[in-house]
Every structure is written in C-alpha cells, then in structure tokens.
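A.B. asks: Handing you a structure now.
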Amino acid sequence: MKDKVAIVTGAASGIGLAVSQVLAGAGALVVMADVNEEAGTREAEKIGGFFVEADLSRREGCRALADAALERFGRVDILVNNAGIQHVAPVEDFPEDKWDFMMSLMLTAPFLLTRYCWPGMKERRWGRVIHINSVHGLIASPFKVAYVSAKHGMSGLTKTTALEGGPFGITVNSICPAYVRTPLVDNQIADQARVNNLSSEEVIETIMLKNAAVKRLIEPDEIGRFVLFLCSEDASCVTGSMLTMDCGWTAT
C-alpha cells in the first residue's frame with residue numbers, strides 16, 4: 001500500500017477509524033472524512049492522515065471531499081465508503097426526512113464518490129472501491145426500512161460498477177458484516193430495547209446474535225484487515241462480490 005491514496009468515510013470512529021489505521025499502517029496515505037471535526041482531526045494526527053470535514057449527505061460535501069483529496073495528493077487509488085447511521089422504527093412511524101437523509105448519506109454519497117474517483121482510477125488502470133455494506137444488504141430485519149433499503153441499493157451499485165471497472169483494473173466489492181462493536185451498534189441496542197421492550201442484554205442475545213453461529217460481536221480491526229486484503233494484488237480477481245463476515249448469520 002506504500003503511497004497509495006485512500007479515502008475513508010465515517011473515519012472518526014468505529015469501522016472507519018479501524019480501516020484508516022490499518023491502511024495507514026500498511027503505508028497508504030489516508031484521507032479521513034467525517035462530520036466530527038474534533039475527533040477526526042485528533043485521530044488523523046495519530047496516524048499521519050489528512051482529515052476533511054464533510055457532510056456527505058449533501059452533494060457539495062461529496063464533491064468537496066473528492067476535490068480536497070485530489071488537490072492534496074493528485075490521485076485517489078482506494079475508496080472506502082463506510083459512513084452511515086441507523087434509525088429503528090416501524091414503517092408507519094418512520095420519519096420521511098430521516099429516510100431522505102439516510103438515502104443521501106448511505107447510497108447517493110457512495111455513488112457520487114465512486115463517480116468522482118473513477119476517472120483517475122480508470123486512467124491509471126488500477127483502483128479499489130470497497131463498500132462497508134452489511135448483512136442487511138443481503139437480508140432484511142424489521143424496523144430498519146431505510147437502512148435495509150440503502151444497503152440493498154449498495155449491493156446493486158457494487159455489482160454494476162464492478163462490471164464497468166473490470167476492464168480497467170478497478171475492483172469493486174462489498175463487505176457485509178453482522179454486528180460490529182461500534183458506537184452505531186451501541187445506539188442500536190438502545191433503540192431495539194425501546195422498540196421491543198427488552199433489556200440491552202436481551203437485545204444482544206435474542207436479536208443481534210440470535211441467528212449467528214459465532215456468538216460474538218465483530219471487532220472493527222477485523223473489518224480493517226479484510227479491507228486491506230481486498231486492496232492487495234492477491235484480491236485482484238475478487239470483484240462484484242458481497243463478501244459476508246456475518247458469523248454464519250446468512251448460512252441459516
């Protein structure tokens with residue numbers, strides 16, 4: 001990864017931070033994007049990364065991020081679309097504005113950033129686009145209508161762009177994990193407890209790990225190492241794939 005330039009979104013904490021740390025440790029120049037300027041700046045300084053404050057729910061935020069990376073480094077070799085949020089509510093109560101926001105952040109932003117980074121990857125005939133998707137990009141759960149819809153859309157984005165990028169040395173893949181130990185999951189536990197009238201411990205046991213063969217949460221750095229593999233030449237023939245890291249959830 002020496003001197004490869006990588007954009008990682010949602011990079012101030014959780015999976016995005018772990019991915020940034022792993023890529024930087026392998027020699028990549030990492031552009032870390034997040035709305036949390038304080039945490040993002042602090043974490044970027046620790047790994048020698050370049051932080052960009054960006055609201056990726058807005059088209060101009062996506063454009064500004066891509067432009068900042070290109071202005072600083074002149075290229076983008078790796079794009080890791082990770083930024084996202086969760087909202088748990090029955091469909092009849094799901095806020096319409098929340099739907100719009102989640103679609104913009106979790107589906108439109110990955111499309112726009114892919115589009116903006118694509119010409120340079122195509123010209124250099126090498127690129128890696130990796131979407132931090134979800135097991136919910138393959139199957140559904142109740143009360144997560146926007147999240148599941150956005151992640152299913154990301155699966156379609158993965159497949160289509162993989163077909164277009166193949167002739168130019170660009171691979172596009174989705175990592176589809178089950179529950180990862182992140183602040184996002186911590187918030188989900190509280191939301192699920194409220195919706196289902198359960199304790200936090202009951203949510204983890206009866207909802208989150210119910211269908212898993214491996215009864216534990218995934219650690220963020222495990223996702224980071226998977227990303228690193230997909231960026232390597234060993235993975236040059238892996239593209240258009242929904243790669244499960246779901247503790248056996250979808251084996252049922």
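FYI, it's all coordinate maths here, none of it is from the lab. Just so you know, these numbers come straight off a predicted model, no measurement behind them. Note that each Cβ is placed from the backbone with ideal geometry, even for glycine, and that neighbours are counted across all protein chains shown.
A.B. asks: Using R₀ = 25 Å, calculate the FRET efficiency as 1/(1 + (r/R₀)^6) where r is the Cβ-Cβ separation of Arg216 and Ala39; round to 0.05.
C.D. replies: The calculated FRET efficiency here is 0.45.
A.B. asks: Right, something else. Find how much the distance from Glu92 to Asn187 grows on full extension, using 0.36 nm per residue of separation minus their present alpha carbon separation; answer in nm with one decimal.
C.D. replies: Contour length minus Cα-Cα distance gives 32.1 nm.
A.B. asks: In this model, which of Lys4/Lys151; Lys4/Lys122; Lys122/Lys151 are farther than 18 Å apart at the alpha-carbon?
C.D. replies: Too far apart for the 18 Å limit: Lys4/Lys151; Lys122/Lys151.
A.B. asks: May I pose another question? Counting helices only, and only those DSSP H runs with n ≥ 4, report the 222 nm mean residue ellipticity of the chain as the sum of -39,500 (n - 2.57) divided by its residues, in deg cm²/dmol to the nearest 500.
C.D. replies: For the chain, the value works out to -14000 deg cm²/dmol.
A.B. asks: Taking 25 Å as R0, compute the FRET efficiency from the Cβ-Cβ separation of Phe229 and Lys159 and round it to 0.05.
C.D. replies: 0.80
A.B. asks: Now a separate question. Each residue of the stretch 152-163 in turn: what ³J(HN,Hα) in whole Hz from Karplus with 6.51, -1.76, 1.60 and θ = phi - 60°, glycine and Pro shown as x?
C.D. replies: Once rounded to whole Hz, the list reads 5, x, 4, 5, x, 4, 4, 5, 5, 6, 4, 5.
A.B. asks: Please list 3J(HN,Hα) in residue order for the stretch 88-98, calculated via the Karplus relation 6.51 cos²θ - 1.76 cosθ + 1.60 where θ = phi - 60°; whole Hz, with x for glycine and proline.
C.D. replies: Along the stretch 88-98, the couplings run 10, 6, x, 4, 6, 9, 5, x, 5, 5, 5 Hz.
A.B. asks: Oh, and also: Which residue, chosen from Tyr179, Leu243, Ala193, occupies the Cα position most advanced towards the positive end of the dipole of the chain, where the dipole is computed from +1 (Lys, Arg) and -1 (Asp, Glu) charges on Cβ about the Cα centre?
C.D. replies: Result: Leu243.
A.B. asks: Next question. Explain nothing, just compute: Karplus ³J(HN,Hα) = 6.51 cos²θ - 1.76 cosθ + 1.60, θ = phi - 60°, for every residue of the stretch 28-33 in order, whole Hz, x for Gly and Pro.
C.D. replies: 6, 8, 10, 9, 9, 10
A.B. asks: Also, quick follow-up: What does the charge add up to near Asp55, with Lys and Arg as +1, Asp and Glu as -1, over the other residues with Cβ less than 13 Å from its Cβ?
C.D. replies: Overall, the nearby charge balance is -1.
A.B. asks: Would you please give the residues with an amide H less than 5 Å from that of Gly127, counting only those at least 5 places away or on a separate chain, with H modeled from the backbone geometry?
C.D. replies: Ile170, Thr171
A.B. asks: Relative contact order for the chain: what is it in percent, counting Cα pairs under 8 Å that are at least 6 residues apart?
C.D. replies: Reported as a whole number, the value is 20 percent.
A.B. asks: Stretched out fully, how many nm does the piece from Thr206 to Phe111 gain, at 0.36 nm a residue minus the Cα gap?
C.D. replies: Extra length available between Thr206 and Phe111 comes to 30.7 nm.
A.B. asks: Roughly how big is the stretch 92-171's charge dipole about its Cα centre, with Cβ charges of +1 (Lys, Arg) and -1 (Asp, Glu), in debye to the nearest 20?
C.D. replies: Charge dipole, the stretch 92-171, about its Cα centre: 600 debye, nearest 20.
A.B. asks: Please compute the net charge surrounding His87, taking Lys and Arg as +1 and Asp and Glu as -1 over other residues with Cβ under 9 Å from its Cβ.
C.D. replies: After counting each charged neighbour, the total is +1.
A.B. asks: Under 8 Å for C-alpha pairs, at least 6 residues apart: give me the relative contact order for the stretch 1-92, rounded to a whole percent.
C.D. replies: After rounding, I find 33 percent.
A.B. asks: Quick one: Thr239, Thr114, fewest Cβ neighbours within 10 Å first, how do they rank?
C.D. replies: Thr239, Thr114
A.B. asks: Follow-up question, since we're still on this one. Compute, for the chain, the length of the dipole vector about the Cα centre, with Cβ point charges of +1 (Lys, Arg) and -1 (Asp, Glu) only. Units Debye, rounded to 20.
C.D. replies: 800 debye
A.B. asks: Another one. If you average the sequence gap of Cα pairs under 8 Å that are 6 or more apart and divide by the length of the stretch 169-252, what percent do you get for the contact order?
C.D. replies: 53 percent
A.B. asks: While we're here: Give, rounded to the nearest 20 debye, the magnitude of the charge dipole that the stretch 128-200 has about its Cα centre when Lys and Arg contribute +1 at Cβ and Asp and Glu contribute -1 at Cβ.
C.D. replies: In total the dipole reaches around 40 debye.
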